[in-house]
Structure formats: structure tokens, C-alpha cells
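The values are calculated or read from the model by the stated rules, or taken from the named source; none is laboratory data. This one's a predicted model, so the numbers in the text were calculated from it and none came from an experiment. Note: ideal-geometry Cβ built from the backbone for every residue, glycine included; neighbour counts use all protein chains shown. The area values use the complete protein model at the heavy-atom level, side chains included, leaving out ligands, DNA and RNA. Shrake-Rupley method; radii C 1.70, N 1.55, O 1.52, S 1.80 Å.
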Amino acid sequence: MLEFPHLGGLGSSVIHLWMITGIALILPSIVDRTNDRHRAALFTIAFFLAIRYAWWRLTETLAPVGLTIDFLASGSLFALEMLSLVGSLSAFVIMSRVKLRSDEATEHAGWWNGPEPKVAILIATYNEDKDVLERTIVGSRSLRHQNKEVIVLDDSRRDWLRDFCDQLGVRYMRRPDNKGAKAGNINHALARLAEDAVPPDFVAVLDADFVPHRGFLSRTLALFHDPDVGLVQTPQHFFNPDPIQHNFGLSRSYPDEQRFFFDHMQPSRDGWGIAFCCGTSSVCRMSALQDIGGLPTESVTEDFLLTLALQNKGWRTVYLAEPLTEGLAPEGLREYVTQRARWCLGLMQIARSSLGPFAKSNLRLRDRWSVIDSVFYWLTTFPFRIAAILFPLLYWYGNITVVDARLPDVISYFGCYYIWIIVILNILSRGMVVPILNDVSQLIGAIPISRAAIVGLFRPHGHPFSVTAKGGDRSRIVVQWQMMMPFLLGFLATFVGLWLGVVSDRFAFNDAGDGKWVILFWTLYNLVVLGVTSLACIEMPRTEIHVADRPERVTFRSGADEWGLWITSLTMDTVRLRGAVFPTETRGTIEIEGVPGEVGAYVIASTADGARVQLLPDSAQRDAFFVRFYAEGNAPGVSNVRATALISDLMERFSFSNR
């Protein structure tokens, strides 16, 4: 470690940290996020700091080699940490490039120069409610691309859904069994579509809860100007907050957990030519699907495997980073964790499949690296998160030193690396990495995901397909005690260990020397993370609310009277008006932009400056509401952290008055 003799070890390490911080402060003004050279320079420094940190950990922080519990503990933690670091280094390489294709899509719009290509829009459904399906069907019918056919693929064989599709004028398909789950459902539809008099040129895939924006097809089809492109993937956006956002009241200040992947990691993967299909919100060339024999069924994450199968035959997958669909994020913690455990299991199945990284195939080296990178993410990130909670307890209860380090060295080697990574990730992602919240989002699913990773790697098949439940009643506070219990026990064990170390001579170990400061900080940080994770397991009530994007003028008529009022919030069923006070039960009509005719309405509650009004739309007006809410406008939610609002939201959530 470079030292400044007149400052001493601690002073020198603080100077190192300030140097890194000082450089970081000027980076936002000189770094171009879209410039690959700038990105490569940032991650080259990160790579150097990571290797420097790893060498220090190996040579100076481990217990002496021997058949001792100290060496076993410190060595196993080091091994887990280094495996996780390898995954991070792989991610750094991926993020050193970025590919944005919006200009390409604009340049090649309408490249076919003739009749529009025919597109089949496949909506795969298993157990979704009518309300969920209706908005997806209506949104699909409202796409600007005219030569399309909307097809609902019902794997629950529901007669009411068949009749509903007939009522809406869309095609309905069912099959006699559920073999192959979602992939099998889509393959059954592809076989039937191939028998049509005029088969589709392209196939769009939507989950039952995902609504396409009106330009979804016209923008994605533009990228098929390249005859080698087999699939175009777009990001998934969500009009409801995920459980972490919602349970902490952060929907206006903190992005959903998927935003980093879809807005930043996928464009970087596309820069290397390894973007992959994520299922819904994708469009595929029909001839490419026929070339590979339909969707592969060797994995429950058939989407990623589809990209590999296409590439194996020479078809490229590209990524269009535009908000062109929006859907339902898992609303409950159980569903949220189950979904991610299924993704993890699917990646392990792919790793063991005929298109795995070590299998004999036509895949490029970079495609094999892509799979290995994903396996490392699932197999190391979450077990290491558990280890980070458990290993400090070995010191407090057993005097086992897992990290033998001087405080100045920790600041210089770990502190500089950590600060640099946080800074550059936030520069490139516009401030999406918030340390404690990021740790909570990983820890909350760490146990089932780690189990899925290990079991899936050694026994990849024989696991049931778990459908992610969407919608349903979320009107009550629900405490997920079973999920919370490991975090509560971890918090209690950590707190008691710290308390015993402070007040009891028996547990006041001094063998760790300076390393005790490391354990102390580590323990305090774990208490915060465990406490916040436990609170995340308290699920707050949900209601679907759509606030007007901008102040909007409307006309309210009742009898011969007419008022010009302002909308302050609007949902499918109600509207809040400001500008005049009305008695309860006042009946009338409202003219709303984009909705045909006048919508019937009556006042259900008076407010100080207006009224809350129940809407009574007919079927055409209801469809217009669906289009307005879900198929038009920009991406829902927030795409980057709003620091001031985040602090305000967290203070409100954790205040005693709010409880």
C-alpha cells in the first residue's frame, strides 16, 4: 500500500479514499455513457482495483494455513468471495460496451416497401383473470400495425375465455394437454399457424399481463431489415411497483429491481452480440422458429434457450431499448421470489443442456461466455449474500477470525474498490445502485434462489413449472412470517453476539486485533440490512391508481348545467375532479380526451375543492381507457433513483407516526 509517512497508515489509506472520491466527483462531467472507450477505461480501472483487492485478501487477510477452524472459515469465505468477484469481473467486461438501436429502428421503418408483413400476436395464458387478459387483448388490437392477428393461447381450457375472445373478435386456441408448459403451448400454436392459408411472417409473444404500446410492432419490425436477425427483444416495464418498491413506499423515487438489467445490462450485452430473449415483449421471425423446430423445452427459461438455439443456427438476437410494453410485476413477495428461483433453475438447466457452455454445438465463444456469466451470477451472488450474514457470527460466538486485516488496509484496498464500483455503476446507470436496498433485494430471495442454483446444477430436471401469480386481492396488510423468520433470527443472533462482545468479558475476544474493527462495522451493517429485509416482508395493501400525467381540463355536465374542471387522478372506474363542489349522488356525464362520447358518471364523495366521481363507461369507452392507460405514453414508473424523494419516502415509511 502506498503510504504517506507523515500521515501514518490510517491517514494514508484515507488519502487513497479521498483521491478515488475526488476523481469520481469529476467523472459525470466528462464521461459519455454511450462511448465504449469511456466505458472501457472506467472498467479497466475497476478491474485493476478488483485484482489489487483480491491479491491483498489472498496474501494478507487469511488465517495461517493448517487444519484449523480459523483457516477453514477464512478460506471458505475467501473462496465464495472470489467466485463472486469473478462474476463481477465478467459483468465489468460486458458493461464496457453498449449498443442502442433507436436510430437504426427509425432509419429502417417500413423497410419492406410493400404490403405490411403479417404478424401473429401470441398471448399465452394459464390462470390469469379476465381483467388482466382484457387489457392485453385490447392493447394488442390497438397496435398501429394493421396486418396482425391476435391469438389467445389458453392452457387452462376455459370456456368463458373462448366466448370472451369471440366477443372481442380475436382468435382462441387450446390444446389437449399442458406438455412443455409455456413453450409447449406456443409450439402448439406455431404448428397450427403453419397450416394457415397465409402463415405469419413474424410472431410476437406477450405474457397475459403485458400490454403492448401502439408502436410496439412498427418499431421492432424495423430491425428485421437485417435478414440475419431472428429475434428482437424489448425491455419489460411495469405499471405497478414490485414488492420492494411498494412495501417501502418507493414507487416514485426508486426503480423496480429489473430496471438495471433491462435498461443497462441488456444494451451492453447487445454491444457484444449476446443479448438474449426474455420471453414476453419479443418478436421472432417465423422462418427462424421453423428452422430450429420451435421453442426449445429443455429449460423452464425457454426464452434464454431460444436465443442460443437461434444462434446455433446462425440467427441473431438484437435488443431495442425502448419502452414498448408494460405489464404486471409480481405483487407479492412469494411470487417475486418464486419467479427469480425459477429463472435461476432455468439457467442451471441450460448450463446442463445440449446448448450448454461445454456442449458440442455451433455456438460462438461469446455465447458460451454469456451462459457462464449468468450461471456465475445465480450461483455466487446469493450464496455469498448469505455467507456475509453468517460469517461475522463465528467471531462473536467462537473467536474465529475470518478476515485478519488492519483497518487502514481495509480502507485502502476494499474501500477504494467499493467506492469506485458504486460511483461508476451509478454514473452509467443514472444512479440506480443504492447499497442497502440492493443488498435487501438480493437477500430477500437468497435462500430459495441458492437452493435452486445448487439443486438445479446437479439435478437439472424433474422440477415442476411454477407459474407466477398476477393480480388478485391485495387489499390487506400481510406479514410473510415464514419468509421473515430467517432474517429475524439472523438479526437476533447478530445483535446478541454484538451485545455479548460489548458487555461480557467471556466474549470480549481480542485475538483479531485491528480486524475487530472490520467485524464491528460488518456486524452493524448486517443489522441494518437484516432489519430492513425483515420490514420488507410486511406487505402493504395495494390499489391500482393512475394519476393524470399532466393537468387535464374536462367538461362535466349535469342536466342543463356545465362545468369546466380539472382532473387530479384517473382510474378505470373513478376520477377526482377539482374546481367545483357537488352533492353526493349528483349524476351527469364527463368528456375525457381520447375517450369516445360522454362517459356516464355520478358523484360518490365530495371533497374540499371538488368531488370523487364513479365512472360508468360502455364497452368502447372502456377499451379507450385501456389504450390510454397502458398502450400510450412513455414508460411507467421511474427509471432512475431520485435521491431527495428516496430519502423522503424512506423517512416516511420508517417514521413512528407512519406505523
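Heavy-atom accessible surface of ARG352, to the nearest 10 Å², is about 130 Å², with a 1.4 Å probe and all protein chains retained.
Protection proxy ranking of 110-117, 34-41, 210-217, 13-20, by the mean of other Cβ atoms within 10 Å over each peptide's residues and highest first, is 210-217, 13-20, 34-41, 110-117.
When its C-alpha radius of gyration is set against 2.2 N^0.38 Å (N residues), the chain gives a value of 1.06.
Taking the helices alone, the chain has a mean residue ellipticity at 222 nm of -15000 deg cm²/dmol, built from -39,500 (n - 2.57) per DSSP H run of at least 4 residues and averaged over all its residues. Solvent exposure of the stretch 555-632 amounts to 46 Å² per residue of accessible area, where only protein heavy atoms count and the probe is 1.4 Å.
Expressed as an acute angle from 0 to 90° and rounded to the nearest 10, what is the orientation of the C-alpha long axis of helix 365-398 relative to the principal long axis of the chain? On a 0 to 90 degree scale, this one is about 50.
From the residues MET540, ILE592, GLN258, which one has its Cα farthest along the dipole of the chain in the positive direction, the dipole being from +1 and -1 charges on Cβ of Lys/Arg and Asp/Glu about the Cα centre? My answer, from the dipole projection, is GLN258. In terms of accessible area, using a 1.4 Å probe and ignoring ligands and nucleic acids, PHE582, PHE521 rank largest first as PHE521, PHE582. Phi angles across the stretch 335-347 convert, under the Karplus curve 6.51 cos²θ - 1.76 cosθ + 1.60 with θ = phi - 60°, into 3J(HN,Hα) values of 5, 4, 6, 4, 4, 5, 5, 5, 4, 4, 4, x, 5 Hz, Gly and Pro given as x.
Ranking ASP618, ASP70, ASP270, ASP103 from most to least accessible surface, computed with a 1.4 Å probe over the protein chains only, gives ASP103, ASP618, ASP70, ASP270. To the nearest 10 degrees, how steep is helix 515-536 against the longest Cα principal axis of the chain, on a 0 to 90 scale? Orientation of helix 515-536: about 20 degrees from the principal axis.
Here, P(r) means the percent of Cα pairs in each 10 Å bin from 0 to the largest distance; for the stretch 44-125 it is 13, 24, 17, 14, 13, 12, 6, 1.
Here the accessible area of the stretch 319-422 is 65 percent carbon and sulfur, with a 1.4 angstrom probe and all protein chains present.
When all protein chains stay in place and ligands, DNA and RNA are ignored, the 1.4 Å accessible-area order of ILE23, ILE436, largest first, is ILE23, ILE436.
Once the 1.4 Å probe is applied to the protein heavy atoms, the stretch 303-401 comes out at 34 Å² accessible per residue. 3J(HN,Hα) along the stretch 645-652, derived from phi through the Karplus expression 6.51 cos²θ - 1.76 cosθ + 1.60 where θ = phi - 60°, amounts to 5, 4, 4, 4, 5, 5, 5, 5 Hz, with x in place of Gly and Pro. Taken one residue at a time, the phi angles of the stretch 141-157 give Karplus couplings (6.51, -1.76, 1.60, θ = phi - 60°) of 5, 8, 4, 5, 5, 8, 7, 9, 9, 8, 10, 9, 9, 9, 8, 10, 6 Hz. Gly and Pro are set to x. Averaged per residue, the stretch 11-153 has 50 square angstrom of accessible surface, using a 1.4 angstrom probe with ligands and nucleic acids left out. Each peptide in 601-614, 220-233 gets a packing score, the mean of other Cβ atoms within 10 Å over its residues, and the list from highest to lowest is 220-233, 601-614. Applying 0.36 nm per residue to the separation of GLN290 and ARG192 and subtracting their alpha-carbon distance, the gain on full extension is 34.1 nm.
Basic side chains Lys and Arg get +1 at the Cβ, acidic Asp and Glu get -1 at the Cβ, and with that the dipole of the chain about its Cα centre reaches some 860 debye.
Of the beta bridges in the chain, as assigned by DSSP with both residues counted there, near 65 percent are antiparallel. Counting only alpha carbon atoms, the long axis of helix 302-312 and the longest principal axis of the chain meet at about 90°.
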